[in-house]
Amino acid sequence: MAIYINGKRVDDGGNNPPEKDAKKIASIAAGEVFEHDGSVEVAGHIGAGAKVKITNGSLHVKGDVADEVRIRVKGTKNGGNIVGGHMSGGDIVGVRISGNFSSVTVSGNVSGGGASGSLTVDGATGHDANFNADHNISVQTAGNHFKADAGHNITAENIGDYAHLDAGHSITVGDTGLKSVLDSGHSIRAARLGDGTKADAGHSITAGVAGRNCVLDAGHSINAGEAHETAELDAGHKKNIGRIAKDKDENAPQQQNPQTMRRINKRGNPFDR
């Protein structure tokens, strides 16, 4: 059912009420403790060791996030049911409407829905960062010991060594560092899983390369373009591996470089004549 405020439809097409306008700030300083109720947009960077907590909204960082930053993003919680009738005045947060109505009118400031509970970082994320979000987490590159816990999806380009990603639905990454851990309720997609990485998905795992000593466990299927011979792959339904990679045998004869052919001037050196 559509949501109308003062006669104008204001939901996002999925019957979700709009969020409040995001608070815009320049940056968050190193070591700062920042808390805000509602969405926040950071135009610059978040300094090392900062602690950030967002409730009833989302966080968008357009700059970099330095080392040892802790971020917690909590989305809007649904309120009680409105069973028929007319409601007006005041601020209404997290409205949920159910039942059969001839008309419902909501007046006042309404927040909730949309991408509430999401964390987005446009720049680079440093080492030992710890992100937790009720909905999605999206980052570019992240350093070593990166930890991310998302209620829905995690997306990252490249992450460093010893990363730990936990998503309720899906994980999509480029390259992972060594000995990372990826845990997803549904699917995992990666360009390259670094040596010693463990990936566990409720449904499927798709990887371009699975490195040495990787351990992959999928409830349904595993698809890998290449897997090292030491990798362990376990799928409930099927496994498709394009190529098994092996270490080079150090005792095998090495291919010699082709001999360099010398061009000889049969006419000799003209200065010798």
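Here are the numbers for the structure shown:
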| read-out | value |
| --- | --- |
| By accessible area with a 1.4 Å probe, ligands and nucleic acids excluded, highest first: order of Leu165, Leu178 | Leu178, Leu165 |
| For Asp128, solvent-accessible area (1.4 Å; no DNA, RNA or ligand), Å² | 60 |
| Overall Cα dimensions of segment 139-187, principal axis frame, Å, largest first | 23, 18, 14 |
| Above-threshold pairs, the threshold being 28 Å between Cα atoms, out of Lys24/Lys147; Lys24/Lys179; Lys62/Lys198; Lys62/Lys147; Lys74/Lys238 | Lys24/Lys179; Lys62/Lys198; Lys74/Lys238 |
| Rounded to the nearest 10 Å², the accessible area of His152 at probe 1.4 Å | 70 |
| Per-bin percent of Cα-Cα distances, segment 113-213 [10 Å] | 18, 55, 24, 2, 0 |
| Accessible-area value, Glu35, 1.4 Å probe, nucleic acids and ligands omitted, Å² | 130 |
| Cut-off under 5 Å, modelled amide H: who pairs with Lys53 long-range | Phe34, Glu35, His36, Arg72 |
| Cβ-defined net charge surrounding Glu226, 12 Å radius [Lys, Arg +1; Asp, Glu -1] | +3 |
| Hull volume in cubic angstrom per residue (convex hull over the Cα atoms of segment 158-232) | 54 |
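The values are calculated or read from the model by the stated rules, or taken from the named source; none is laboratory data. Since the structure is predicted, the reported quantities are computational estimates derived from the model, not experimental observations. For neighbour counting, all protein chains shown are included, and Cβ atoms are generated from backbone atoms with ideal geometry for every residue, glycine included. Surface accessibility is based on the protein's heavy atoms, side chains included, excluding ligands, DNA and RNA. Shrake-Rupley method; radii C 1.70, N 1.55, O 1.52, S 1.80 Å.
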